[in-house]
Amino acid sequence: MDGKDIKDIKDISYELNRRRKNATLKTKLINKEAYKNIDWKKLKKEKKLAKDNIVVDVPLPVIRREDSLIPVWNLKRYAFLLKDTTPDTAHPKLWQQGKLNLNSGLFKVTDKIYQIRGFDLANMNLVRGDTGWIIIDCLTSKETAEAAIKLAKEHFGDITISAVIITHSHVDHYGGIQGVLSEDTEKNIKVYAPQGFTDAVIEENINAGVAMSRRGLYMYGEALLRDKKGQIDSGIGKYVSLGSITFLNNVHEISPVSDDVYVQKEIDGVTMQFLLTKDTEAPSEMDIYIPSEKSLCIAENCSASLHNIYTLRGAEVRDPVAWAKDIQKAIDLWGDTLTTVFGVHTWPRFGNKYCLEYMEKQRDLYQYINDQTLRLINKGYILEDVGRMVKFPESLSDEWYNSPFYGTVDHNAKAVYQKYMGWYDGNPVNLNKLFPEESAKKYVEYMGGEDVVLEKAKKSFLKGEYQWVAEVTKQVIYANPDNKDAKFLCADALEQLGYIAESGPWRNEYLMGAQELRYGNTPMPGTVITDDVLDAIPLEKVLYLFSIRIDGLKAGDFDFKINFIIPDREEAASTEVKRGIFRCLSDNLAEDADVTVIMSKKTLYDLATTNNRPDSSSIVVEGDICKWQLFLWTQDSINTDFNIMTPLPK
């Protein structure tokens, strides 16, 4: 935007309200330029790959559950994407990727391998064995998994499931397990997963599950309208389904054998070679090569997008060097023979030469970001610098499948900085900063007050300086959370940033932030910490949920022991509260316990994961009941719906 666009910025009034806005001229120009830069030849190839080999077309599927009017999964909400015109309110490449991710149904990968896409964020893959079908990954929800299996049965007949393989420890790949197993309840179906799978699920999805779920709502844009101003796509799929998340406690974890590079197993007559890829896209993950089909399941280590070294929902930073090395291991092991590569998101690749090029270029994304970030770190640049300074050369960026539809170079480079250097940038000014609310009040005071800041911010908005407007209005919001004009202007700035974002999660984050500022908080629709999940983990891990809720200052002077007996789990444990810490001591009862509590697993789960306090009749207390009441008093409340855009109480 220049002087020709706005003659006198002072003469233009900008109305602040909670309505969603159209794209500004600046946003339109940015997206128009992005449209001109699309490589239509590369996109044509992706369109062909996404649609090829469809066996059963299921346009815009809707999956429901009996106890809810809200569908578990609903692609009909994305029918607007099928229009030819790309709107000004969406990055044109993300719009096209959103269309590609609408291809739904049953697809053929090889004569014995099939893929179900478009029934959840992830794919379900099926491998034909001697006596039945081997399922690779189970989607997020019991309901979507059941719908996928139903689709396969409608085409192949009354199929039998002979085994299940879970490629890694993220919920969109294991959460539907009971939906798969429910089809053959009388069989003892083996479920395979990579080494460390159960521990990784607990560590990543349960211990920090409340915060991750809350932030995941923003990352996937769950509460946004599905339209040209709302949620379009998440880069590697649409969104996380809203059904019942399940788990299993008798998973067979595949572990290395001696010094062998891979682990070979024969599952239902099919030889499979498993390459463990620890600390790549997930803490516990594995690739699977099927020699008879010359086909490699690359898990989530390759997909039709740059992936996340750090995921915006929150998680430990992944190892980009290990990631690159393990893709190379797969190339070294099977590169001479493979003819197809398929994953657990997006669509397969075909032909030896093309598959290898795809794997090599995906490999180089993560190595490049790691190495270039370290180059800048060693020149003294800090986290905020490296995100904007690292750029891909054209030899990497020219492929559609290397586009930042999911991860971005910006936040991945910052992740590499965090991995090597941590949160501190070396500048002592940042060593012990004030609470954001305290500094915000000072900033606003120094800048002349809220009204002055907002008048200047309006002018900056009209100039198209959206990031700056968001940053400066945040200071006003944190100084005075009741300032509606600051919230509305910040929301408008975030909205324009969302409209020009090539990354689905970035767009979702910006638009969810704008929505919270305009309309208030969006309650969580569900939780990953379900009773089914808790049933499948050891009692010690369930009790640890009390450990991370205990108010250490309240419990700082306590020193007593509690025995827990859970009859319907047939488990017991001795614990102690000491120096502000609650810890599990043993799976044997302590003779010197101050108090023993006996309760059902349902009562235990409610106590551990909610703010509910069960009726006293549901818990048998033997011994010093005051100690038990003191323990309950130390348990901090859970806030699953905490604010993200406004300050929390301190």
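Each of the GluC sites (Glu not before Pro) that DSSP puts in a loop and that has at most 12 other Cβ atoms within 10 Å breaks the chain; the longest unbroken stretch is 187-569.
Given 25 °C and 0.890 mPa s, how large is the Stokes-Einstein diffusion coefficient of the range 328-446 in µm²/s, with Rh as the Kirkwood radius over Cα pairs? My calculation gives 143 µm²/s for D.
If you take every DSSP beta bridge whose two residues both sit in the chain, what share of them, in percent to the nearest 5, is antiparallel?
On the way: 51 of 68 bridges.
Restricted to the chain, the bridges split so that about 75 percent are antiparallel.
Within the chain, which is the longest segment that contains none of the chymotrypsin sites (Phe, Trp or Tyr not before Pro) sitting in a DSSP loop with at most 15 other Cβ atoms within 10 Å? Please report the intermediate quantities before stating the final value.
Values: sites that count: Tyr14, Trp423, Tyr424, Phe642.
In the chain, the maximal stretch lacking such sites is 15-422.
Nearest 500 deg cm²/dmol is fine: what mean residue ellipticity at 222 nm does the chain get from its DSSP H runs of n ≥ 4 alone, each adding -39,500 (n - 2.57), divided by its residue count? Walk me through the numbers on the way to the answer.
Values: 22 runs with 241 residues, N = 650.
Result for the chain: -11000 deg cm²/dmol, rounded to the nearest 500.
Magnitude of the charge dipole for the chain, about its Cα centre and with charges confined to Cβ atoms of Lys, Arg (+1) and Asp, Glu (-1), is about 2940 debye.
Reported to the nearest whole Å, the Cα centre-to-centre distance from the range 383-455 to the range 597-650 is 37. The alpha-carbon of Lys554 sits under 18 angstrom from the alpha-carbons of these lysines, leaving out residues fewer than 8 places away in its chain: Lys578, Lys627, Lys650.
Dipole check for the range 1-155: with +1 at the C-beta of Lys and Arg, -1 at the C-beta of Asp and Glu, and the Cα centre as origin, the magnitude is about 520 Debye. Across the options Leu607, Ile267, Tyr239, the greatest Cα extent toward the positive end of the charge dipole of the chain (unit charges at beta carbon of Lys, Arg, Asp, Glu) belongs to Tyr239.
Name the residue farthest towards the positive end of the dipole of the chain from the options Pro283, Ile598, Val109, assuming +1 on Cβ of Lys and Arg, -1 on Cβ of Asp and Glu, about the Cα centre. Of Pro283, Ile598, Val109, it is Val109. Divide the volume of the convex hull around the Cα atoms of the range 525-630 by the residue count and you get 104 Å³ per residue. A Cβ-based charge dipole, computed about the Cα centre of the range 406-520 with Lys and Arg at +1 and Asp and Glu at -1, lands at about 140 debye.
Here the average projected area of the convex hull drawn through the C-alpha atoms of the chain stands at 31.9 nm².
Take the residue pairs Lys51/Lys99; Lys28/Lys238; Lys278/Lys361; Lys108/Lys265; Lys108/Lys353; Lys26/Lys458 and return only those whose Cα atoms are more than 18 Å apart. Numbers along the way, then the final one.
On the way: Lys51/Lys99 11 Å; Lys28/Lys238 24 Å; Lys278/Lys361 20 Å; Lys108/Lys265 24 Å; Lys108/Lys353 20 Å; Lys26/Lys458 15 Å.
From Lys51/Lys99; Lys28/Lys238; Lys278/Lys361; Lys108/Lys265; Lys108/Lys353; Lys26/Lys458, over 18 Å: Lys28/Lys238; Lys278/Lys361; Lys108/Lys265; Lys108/Lys353.
Within the same chain, aspartates and glutamates fewer than 8 places from Lys42 are excluded, and of the rest, those with a Cα less than 20 Å from its Cα are Glu33, Asp52, Asp84, Asp233, Glu357, Glu360, Asp364, Glu394, Asp398, Glu399, Glu502. The aspartates and glutamates within cross-link reach of Lys441, meaning a Cα-to-Cα straight distance under 12 Å and a gap of 8 or more places when in the same chain, are Glu450. Got a sec? Charge dipole of the range 360-447, +1 on Cβ for Lys and Arg, -1 for Asp and Glu; which of His411, Met447, Val429 is way out at the positive end? Of His411, Met447, Val429, it is Val429.
Every number here is computed from the coordinates shown, using simple stated rules; none is lab data. On a predicted model such as this, the values are computed, not experimentally measured, just so you know. Backbone-built Cβ (ideal geometry, glycine too); neighbour counts: all protein chains shown.
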